[in-house]
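Here's the structure we're looking at; comments come further down.
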Amino acid sequence: MDVLFSIIIFTFLISLIGFVGALTLFLKENLLNKIILFLVAFSAGTFIGDAFLHLLPEAISEFGANENNILNIFLYLIFGFAFFFIFENYINWHHHHGLSHVDCSKEKNQAGEKKPIAYLILFSDGLHNFIDGLIIAASFLADFSLGIVTLLAVAFHEIPQEFGDFGVLVYSGFKKIRALFLNFLSALAVVFGGIVGYFISTSLEGSLIFFLPFAAGSFIYIASSDLIPEIRDTKNPQKATLNFLIFLAGIGLMWLLKIYSS
């Protein structure tokens, strides 16, 4: 039970990273509006980097690189991608698809509703945090020191992603305080994942082979369908170039985290 208590405490500390967006509360509204698209670009990069440099390699490493396992992993990835395509287009949000290109300072779109990307971000990030909880639990059950190392790796990985997610939520129409609160609720999924991981540790391996590529598929869909179209849709070549460089910076940071956490 001491291990379970450690898992709950440490995963709760990880969930507090969801409040990292609070740093932007000290920025003036005009300045925040200017950097929102940069946060969207950064978030797109971290999503792509996380999918291809963390989640998929982790799935392949855990379950082996034989042809059958690779096929299953990519089938689950396609399922995750397709699920989020359906989720966005056919659950009451089809008529809102695509981000309207309006001033980021507006809290709602013309229909008075939040943009669908906000809900996709919250759902996919919650799933990712749940997976992190499973991984943290498995690490602590194997060895306490390994659990601490895994915890630190997850923390350094979550900070840039949560910051980018907060920017997307604000861009999608949520007020800053509400965006922080919802981001934290999504981050709490890591605690739930840690508890579930503790109690199903014997079958955890079989669960991860589904969750890891499914989450990767959701990240690829959100980045390619909703985030990247936003940062490329500018007639200013300088802004377009800067957005692309920030996008690459998000990928680069995920790559560095992969190297130093290996």
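What follows is calculated from the coordinates using simple rules that are stated; it is not laboratory data. Source: prediction; values computed, not measured. In this analysis, Cβ positions are derived from the backbone assuming ideal geometry, glycine residues included, and neighbour counts consider all displayed protein chains.
Numerical summary
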{"read-out": "Using a Förster distance of 45 Å, the FRET efficiency for ILE148-ILE86 (Cβ separation, nearest 0.05)", "value": "0.70"}
{"read-out": "Cross-link pairs beyond the 27 Å C-alpha cut-off, checked among LYS176/LYS258; LYS175/LYS258; LYS28/LYS239; LYS176/LYS239; LYS235/LYS258", "value": "LYS176/LYS258; LYS175/LYS258; LYS235/LYS258"}
{"read-out": "Selection of trypsin sites (Lys or Arg not before Pro), segment 155-194, meeting DSSP coil and at most 16 other Cβ within 10 Å", "value": "LYS175"}
{"read-out": "Segment ASN68-ILE159, extension gain: residue separation times 0.36 nm, minus the distance between their alpha carbons", "value": "29.3 nm"}
{"read-out": "Per-residue Cβ neighbour rank within 10 angstrom, fewest leading, PHE144, PHE123, PHE47, PHE211", "value": "PHE144, PHE123, PHE211, PHE47"}
{"read-out": "For LEU141, LEU248, order by how many other beta-carbon atoms lie within 10 Å, fewest first", "value": "LEU248, LEU141"}
